[in-house]
Amino acid sequence: MTNEQPTPNAADAALLTALDAGVVAAAIQAAGCGVTPVEQDGVVLLHSASQGIGFQVLWGNPAPVVDAGPAAGQRRYADLTLSCPLRVQGGTLPESLLSDWHRAKRFARVARHGEHVVLEMDVIAVGGISRTHLEVQLQLWTQMMGQFFSFLRNFRPEESTTATASAASESTGASASAPVIDAAAPTLADGAAQPA
């Protein structure tokens, strides 16, 4: 029995020390998602979707511009954040729910920004990563999105919270139903990005 490792092809053997729109778009597609590049003020923004919900690539720290080769003159970045903003309607999610996510899951974090809850995951190329590693990071992101949506769907207010909300609704006439989560990511053009 031999312990042979597969031989990487030349493109995969070269480490990425910075990320650009073309490389990240290819990794998103390799993860099974469509991608829509949108140029705004000279910066290519990437929008995609997984599980039927949109997400976007937020570029991080700029990397040095390359003077030669296929990436010559392109904006490149040392890191990026994958971001999926969701709008909370009809109430707020309890802080304990977000804490439960952070205790149970790794890799992707949840932040609250006003009426939005944002699922985020960082990808860092500093020191060099392979294209395969980048693709696996995007696959992990789509899995984290699916797990987060399932986590939110399974959320049920506790009995005491529901009883308090019911008492409040009786005195104010408001509804005691649980908050509703809507995708707040930018709308993609028809057929531009298909969920995985």
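Only the coordinates and a few stated rules stand behind these numbers; no lab work does. As the structure is a prediction and not an experimental result, all values here were calculated from the model. Reconstructed Cβ throughout: ideal geometry from the backbone, glycine too, with neighbour counts over all protein chains shown.
Results, tabulated for the structure shown:
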quantity	calculated
Cα-projected label distance for residue 17 with residue 124, points at 7 Å along beta-carbon direction, nm	1.7 nm
Relative packing of peptides 128-137, 15-24 - highest average C-beta neighbours within 10 Å first	15-24, 128-137
For 59, 141, order by how many other beta-carbon atoms lie within 10 Å, fewest first	59, 141
Built amide H within the under 5 Å cut-off of residue 55, gap 5+	48, 49, 50
